[in-house]
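J.: Quick one: the structure is below, and I'll ask about it shortly.
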Amino acid sequence: RRKQAERQIKAAEFAMRCVADPVPFVPLNLGDSVNTEYDEYVNAITADDSKLYFTRKDPRDAETVDQGQEFEEDFYVAARRDSAWGLAANLGPPINSHGNEGALCISPDGRYLFFAGCNRDDGIGSCDIYWSKRDGNRWTVPENMGDIVNTQHWDSQPSFSSDGKTLYFASKRPGGKGSSDIWSSTLLPGGDWSVPVNLGDSVNTPAEEMAPFIHPDDQTLYFSSRGHPGLGGYDLFLSRRSVTGAWGGPLNLGYPINTFSDEITLVVNARGDLAYISSDIPGGRGRQDICSFRLHPAARPLLTTYFKGIVYDAETGAKLEADFELTDLA
């Protein structure tokens with residue numbers, strides 16, 4: 001009880017310091033094209049800022065109400081039109097089903113999609129991580145990532161690195177620091193995934209860590225924790241990876257980004273200046289809404305850029321497969 005009291009005193013002192021020294025935070029609701037009277041949870045944004053992916057809790061219709069579940073979670077995507085977001089569209093089958101899908105992430109090139117599916121026929125545990133590949137304008141039937149990444153326990157909330165090699169995710173598997181930790185698995189040359197590695201004490205605590213988001217700079221990890229000093233419940237943090245590969249100590253994103261309620265999901269655009277958060281800030285469309293805000297400098301990742309284009313046959317105009325090489329002249 002003494003140790004618990006000491007932790008709570010430190011947390012209260014930290015919270016008072018945060019409130020006394022707030023960070024810039026002006027959230028902008030994304031509006032009726034994205035948000036509804038129901039819950040919306042932000043999941044991913046493409047590297048070119050053109051598409052936003054999120055989860056919505058839709059009410060079930062009379063034919064699909066199952067075991068007293070009133071809502072089902074589906075993925076939606078909204079495309080940016082100039083400076084505004086267009087009307088969000090249901091991602092549809094085969095990604096969405098009559099079950100619950102959540103915690104989607106998409107590779108920076110937009111070709112691979114990872115998400116969590118729970119209580120499926122091909123599941124290994126309560127929730128497993130699945131993947132799908134885009135084939136033209138369609139997504140392939142999702143496949144379970146197998147028993148190296150997934151366990152008999154809860155495995156969820158994937159985030160895929162920009163180099164296409166590392167998957168970060170939250171898991172309640174044995175061998176961690178607490179009840180829910182953040183782990184990583186690397187794609188091996190043969191196409192298999194390595195045995196997941198715990199990110200260690202800089203990120204994980206004896207409490208819960210969730211919702212990892214690895215920025216395209218591949219060095220800045222945003223995540224949610226209720227074990228590191230915060231304002232209450234889950235707070236949003238970042239950790240930066242050094243040149244040695246070690247993760248640095250967590251930085252609380254500050255008040256009023258973090259509050260005495262739970263803050264769990266956050267994604268940051270490739271430029272690193274704009275973040276998207278799910279919040280029940282007063283004045284929204286419903287419960288949890290998606291908002292954007294300018295990220296204060298101390299919480300920004302490294303500057304990144306991207307290359308985007310289509311290669312055509314000069315004579316026929318047909319699209320071609322192509323490789324490109326990017327060289328740093330310095």
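J.: One residue is enough: does segment 227-239 have a residue meeting the conditions out of contact with any Gly (no Cβ under 6 Å at 6 or more places or on another chain), part of a loop (DSSP other than H, G, I, E, B), open to solvent by 40 Å² or more (accessible area, probe 1.4 Å) and aliphatic (A, V, I, L, M)?
T.: Checking segment 227-239: not a single residue is out of contact with any Gly (no Cβ under 6 Å at 6 or more places or on another chain), part of a loop (DSSP other than H, G, I, E, B), open to solvent by 40 Å² or more (accessible area, probe 1.4 Å) and aliphatic (A, V, I, L, M).
J.: Please indicate, with yes or no, whether at least one residue in segment 309-329 is in a loop (DSSP other than H, G, I, E, B), at pLDDT 85 or above and closer than 26 Å to residue 233 by Cβ.
T.: So far as segment 309-329 goes, no, none of its residues is in a loop (DSSP other than H, G, I, E, B), at pLDDT 85 or above and closer than 26 Å to residue 233 by Cβ.
J.: Given the residues 84, 78, 20, which is the only one that is farther than 30 Å from residue 128 by Cα, at pLDDT 90 or above and out of contact with any Asp or Glu (no Cβ under 6 Å at 6 or more places or on another chain)?
T.: Step by step, each of 84, 78, 20 is checked, and only 20 is farther than 30 Å from residue 128 by Cα, at pLDDT 90 or above and out of contact with any Asp or Glu (no Cβ under 6 Å at 6 or more places or on another chain).
J.: Here's another thing I want to ask about it. Identify the residue in segment 258-270 that is in contact with an Asp or Glu (Cβ under 8 Å, 6 or more places away or on another chain) and not hydroxyl-bearing (Ser, Thr, Tyr) and, among all such residues, is nearest to residue 12 (Cα to Cα).
T.: Applying the filter and picking the extreme gives 258.
J.: Just to verify a result, which residue in segment 46-60, among those that are modelled with pLDDT of 90 or more and of a type in the set (Lys, Arg), is surrounded by the fewest Cβ atoms within 10 Å (Cβ to Cβ)?
T.: The selected residue is 51.
J.: I want to confirm something. Restricting to segment 246-289 and keeping residues that are charged (D, E, K, R) and either closer than 26 Å to residue 20 by Cα or modelled with pLDDT of 85 or more (or both), which single residue is surrounded by the fewest Cβ atoms within 10 Å (Cβ to Cβ)?
T.: Only one residue tops the list, namely 280.
J.: Something else about it: Looking only at segment 164-187, filter to residues that are part of a strand (DSSP E or B), in contact (Cβ under 8 Å) with a residue 24 or more places away in the chain and not hydrophobic (A, V, I, L, M, F, W, C); which one of those is farthest from residue 47 (Cα to Cα)?
T.: Filtering first and then ranking leaves 180.
J.: On the basis of being in a strand (DSSP E or B) and of a type in the set (A, V, I, L, M), does residue 290 make the cut?
T.: It is true that residue 290 is in a strand (DSSP E or B) and of a type in the set (A, V, I, L, M).
J.: Any residue that is more than 23 Å from residue 275 (Cα to Cα) and acidic (Asp, Glu) - is there at least one of those in segment 185-202?
T.: yes
J.: Next question, about the same structure. Hey, residue 213 hits all of (1) part of a strand (DSSP E or B); (2) closer than 24 Å to residue 17 by Cα but one; which does it fall short on?
T.: Evaluating residue 213 over (1) part of a strand (DSSP E or B); (2) closer than 24 Å to residue 17 by Cα leaves (2) as the failure.
J.: What are the pairs with Cβ atoms under 8 angstrom where one residue, in segment 291-317, is open to solvent by 90 Å² or more (accessible area, probe 1.4 Å) and among the charged types (D, E, K, R) and the other, located anywhere, is assigned to a loop (DSSP other than H, G, I, E, B) and modelled with pLDDT under 90? Sequence gap at least six, or different chains.
T.: From residues that are open to solvent by 90 Å² or more (accessible area, probe 1.4 Å) and among the charged types (D, E, K, R), the pairs are 308/47; 308/48.
J.: When you go through (1) more than 20 Å from residue 156 (Cα to Cα); (2) open to solvent by 30 Å² or more (accessible area, probe 1.4 Å) one by one for residue 192, which number turns out not to apply?
T.: Answer for residue 192: the failing condition is (1).
J.: Shifting gears a bit: From the set of residues in segment 177-189 that are surrounded by fewer than 16 Cβ atoms within 10 Å (Cβ to Cβ) and either touching a Gly at 6+ places or on another chain (Cβ under 9 Å) or hydrophobic (A, V, I, L, M, F, W, C) (or both), which is nearest to residue 305 (Cα to Cα)?
T.: 188
J.: Next question, about the same structure. Test residue 10 against the stated conditions and say whether it is open to solvent by 100 Å² or more (accessible area, probe 1.4 Å), touching a residue at least 24 places away in the same chain (Cβ under 8 Å) and not in a loop (DSSP other than H, G, I, E, B).
T.: The answer is yes for residue 10.
J.: Within segment 109-135, restricting attention to residues that are touching a residue at least 40 places away in the same chain (Cβ under 8 Å) and either open to solvent by 50 Å² or more (accessible area, probe 1.4 Å) or not in a loop (DSSP other than H, G, I, E, B) (or both), which residue is nearest to residue 218 (Cα to Cα)?
T.: Filtering segment 109-135 for residues that are touching a residue at least 40 places away in the same chain (Cβ under 8 Å) and either open to solvent by 50 Å² or more (accessible area, probe 1.4 Å) or not in a loop (DSSP other than H, G, I, E, B) (or both), the one nearest to residue 218 (Cα to Cα) comes out as 109.
J.: For segment 272-325, which positions are in contact with an Asp or Glu (Cβ under 9 Å, 6 or more places away or on another chain) and hydroxyl-bearing (Ser, Thr, Tyr)?
T.: Listed by number, the residues that qualify are 278, 279, 304, 306.
J.: Right, next: Of the residues 217, 192, 163, 181, which is charged (D, E, K, R), at pLDDT 95 or above and closer than 28 Å to residue 111 by Cα?
T.: It is 181.
J.: Answer yes or no: is there a residue in segment 159-176 that is crowded, with 16+ Cβ neighbours inside 10 Å and over 18 Å from the mean Cα position of the chain (by Cα).
T.: yes
The values are calculated or read from the model by the stated rules, or taken from the named source; none is laboratory data. Not measured: the values here are computed from a predicted model. All Cβ positions, even for glycine, are placed from backbone atoms using ideal geometry, and neighbour counts span all protein chains on display. Side chains are part of the model used for accessible areas, which takes the heavy atoms of the whole protein and leaves out ligands, DNA and RNA. Shrake-Rupley method; radii C 1.70, N 1.55, O 1.52, S 1.80 Å.
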